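> Dropping the structure in here first, questions after.
The values are calculated or read from the model by the stated rules, or taken from the named source; none is laboratory data. Values in this document were obtained by computation on a predicted structure and should not be read as measured data. Reconstructed Cβ throughout: ideal geometry from the backbone, glycine too, with neighbour counts over all protein chains shown.
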């Protein structure tokens, strides 16, 4: 198992779940994060004082900073999660997505490859670089079928196009330079510490604030939901036991329409934090203009990672959603300071 790991984007939603897990398991972790609007060191308060946790505020596009980080920390693995990740924001401002997700990934790959070549032969062989990607690179599914590792790429948004480019760069550095890269493509993550602009926390917090609960179009777009801690376990397995040059799709087998997700949130809140007037939170549901290029359905076939590495999700959507909502009810101190930069409609393409 890897003992010293660089995690990029470790102050973000998925990255912080990975960092918390690894630090608790005794792995020496260097968290490299630029701390943009979605990076929050408060998500790491539980492990920030641990002797095996280290933090570097830096941009992955800064080659000199990345070279220094690799040279001084001397990792034997990289978990690359740093990315601009919100589709709506990519519609309004695609430039930063191309810069971070493409140029940043190129910079990391190139620096990691040069660093690896400086290692002794056995350390070069053991080194691994895992790029964490998304199912959105595959485009949109019809009513049936699943994305597999061989599905054709068909990105529909600036965000998914930038992630598709990063995927291809990782594959190129494997085939051209021999860098031991792996890729994962995951379905929609949810769980504690999720930035409040995303669907589940946005709806939860809007409900509590007696605001409208916005749903794009008719609410019939389908997503496959994956609890973030299940995802973190999968990433660690792939980094340590996955086959270099391979892609592993990670999904929770939890397909729901957006309307079903919002209705489930309302039902849980009706039970855990009833409205004072006795009405259901579902009365706050509001249908809004659909986002441009909104993919109809995503669904992941995770049979490869299950067969090869033995990974299975531990949470169902029902248990994971209740854990998530309970966490937001108990952790207002974490999400309250973020509400001023989340909650407004963006991504209309205007």
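> Do any residues in region 264-293 that are on the phi > 0 side of the Ramachandran plot have Cβ atoms under 9 Å from those of residues that are in a helix (DSSP H, G or I), where the two are at least six apart or on different chains, and which pairs are they?
That search, which allows pairs on different chains as well, returns 293/87; 293/91.
> Would you please name the residue that is modelled with the lowest pLDDT, looking only at residues in region 295-326 that are in contact with a helix residue (DSSP H, G or I) (Cβ under 9 Å, 6 or more places away or on another chain) and under 14 Å from residue 223 (Cβ atoms)?
Among those residues, the one meeting the criterion is 295.
> Tell me which residues, restricted to region 18-35, are farther than 22 Å from residue 230 by Cβ and under 15 Å from the mean Cα position of the chain (by Cα).
Passing the criteria: only 33.
> Give 177, 159 a once-over and let me know the one that is crowded, with 24+ Cβ neighbours inside 10 Å, in contact with a helix residue (DSSP H, G or I) (Cβ under 8 Å, 6 or more places away or on another chain) and touching a residue at least 40 places away in the same chain (Cβ under 8 Å).
Result of the check over 177, 159: 159.
> Quick one: how many residues across region 56-87 are touching a strand residue (DSSP E or B) at 6+ places or on another chain (Cβ under 7 Å) and touching a residue at least 40 places away in the same chain (Cβ under 8 Å)?
Looking only at that region, the number is 12.
> Restricting to region 66-95, and then to whatever is modelled with pLDDT under 95 and not in a loop (DSSP other than H, G, I, E, B), can you tell me which residue is farthest from the chain's Cα centre (by Cα)?
Filtering first and then ranking leaves 92.
> Same structure, new question: Based on this model, can you work out whether residue 250 counts as under 15 Å from residue 303 (Cα atoms), in contact with a helix residue (DSSP H, G or I) (Cβ under 8 Å, 6 or more places away or on another chain) and either crowded, with 20+ Cβ neighbours inside 10 Å or at pLDDT below 95 (or both)?
Against the criterion (under 15 Å from residue 303 (Cα atoms), in contact with a helix residue (DSSP H, G or I) (Cβ under 8 Å, 6 or more places away or on another chain) and either crowded, with 20+ Cβ neighbours inside 10 Å or at pLDDT below 95 (or both)), residue 250 qualifies.
> Turning to a different aspect of this structure: Give region 106-122 a look and list any residue that's outside any loop (DSSP other than H, G, I, E, B) and farther than 14 Å from residue 178 by Cα, or say none.
106, 107, 108, 122
> Could you give every pair whose Cβ atoms fall below 7 Å, whose first residue belongs to region 234-246 and is in contact (Cβ under 8 Å) with a residue 12 or more places away in the chain, and whose second residue is exposed (fewer than 15 other Cβ atoms within 10 Å of the Cβ) and part of a loop (DSSP other than H, G, I, E, B), counting only separations of at least 6 or pairs across chains?
Cβ pairs passing all conditions: 240/1.
> Okay, next question. Run residue 331 past the list (1) within 21 Å of the chain's Cα centre (by Cα); (2) at pLDDT 95 or above; (3) surrounded by 21 or more Cβ atoms within 10 Å (Cβ to Cβ) and report the number of the one that doesn't hold.
(3)
> Residue check: is residue 269 under 12 Å from residue 221 (Cβ atoms) and either part of a helix (DSSP H, G or I) or more than 19 Å from the chain's Cα centre (by Cα) (or both)?
no
> How about region 146-163: which of its residues are more than 15 Å from residue 109 (Cα to Cα) and part of a helix (DSSP H, G or I)?
Those that are more than 15 Å from residue 109 (Cα to Cα) and part of a helix (DSSP H, G or I): 158, 159, 160, 161, 162.
> Please go through region 2-26 and pick out each residue that is in contact with a strand residue (DSSP E or B) (Cβ under 9 Å, 6 or more places away or on another chain) and surrounded by fewer than 20 Cβ atoms within 10 Å (Cβ to Cβ).
Across region 2-26, the qualifying residues are 2, 3, 4.
> Would it be correct to say that residue 142 is touching a residue at least 40 places away in the same chain (Cβ under 8 Å), surrounded by fewer than 22 Cβ atoms within 10 Å (Cβ to Cβ) and closer than 22 Å to residue 252 by Cα?
So residue 142 fits the description; yes.
> Looking at (1) surrounded by fewer than 21 Cβ atoms within 10 Å (Cβ to Cβ); (2) in contact with a strand residue (DSSP E or B) (Cβ under 8 Å, 6 or more places away or on another chain), which one does residue 102 not meet, given that it meets all the others?
(2)
> Turning to a different aspect of this structure: So, in region 334-350, of the ones that are part of a helix (DSSP H, G or I) and either surrounded by 11 or more Cβ atoms within 10 Å (Cβ to Cβ) or touching a helix residue (DSSP H, G or I) at 6+ places or on another chain (Cβ under 8 Å) (or both), which residue ends up modelled with the lowest pLDDT?
So, considering only residues that are part of a helix (DSSP H, G or I) and either surrounded by 11 or more Cβ atoms within 10 Å (Cβ to Cβ) or touching a helix residue (DSSP H, G or I) at 6+ places or on another chain (Cβ under 8 Å) (or both), the one modelled with the lowest pLDDT is 341.
> Only one of (1) without any contact (Cβ under 8 Å) to a residue 60 or more places away in the chain; (2) surrounded by 17 or more Cβ atoms within 10 Å (Cβ to Cβ); (3) touching a helix residue (DSSP H, G or I) at 6+ places or on another chain (Cβ under 7 Å) is not met by residue 255, so which one is it?
All conditions are met except number (3).
> Right, here's the next one. Residue under question is residue 86, and the condition is that it be under 16 Å from residue 15 (Cα atoms) and surrounded by fewer than 21 Cβ atoms within 10 Å (Cβ to Cβ); does it hold?
Yes; evaluated as a whole, the condition is true for this residue.
> Something else: Residue check: is residue 132 assigned to a helix (DSSP H, G or I) and touching a strand residue (DSSP E or B) at 6+ places or on another chain (Cβ under 7 Å)?
no
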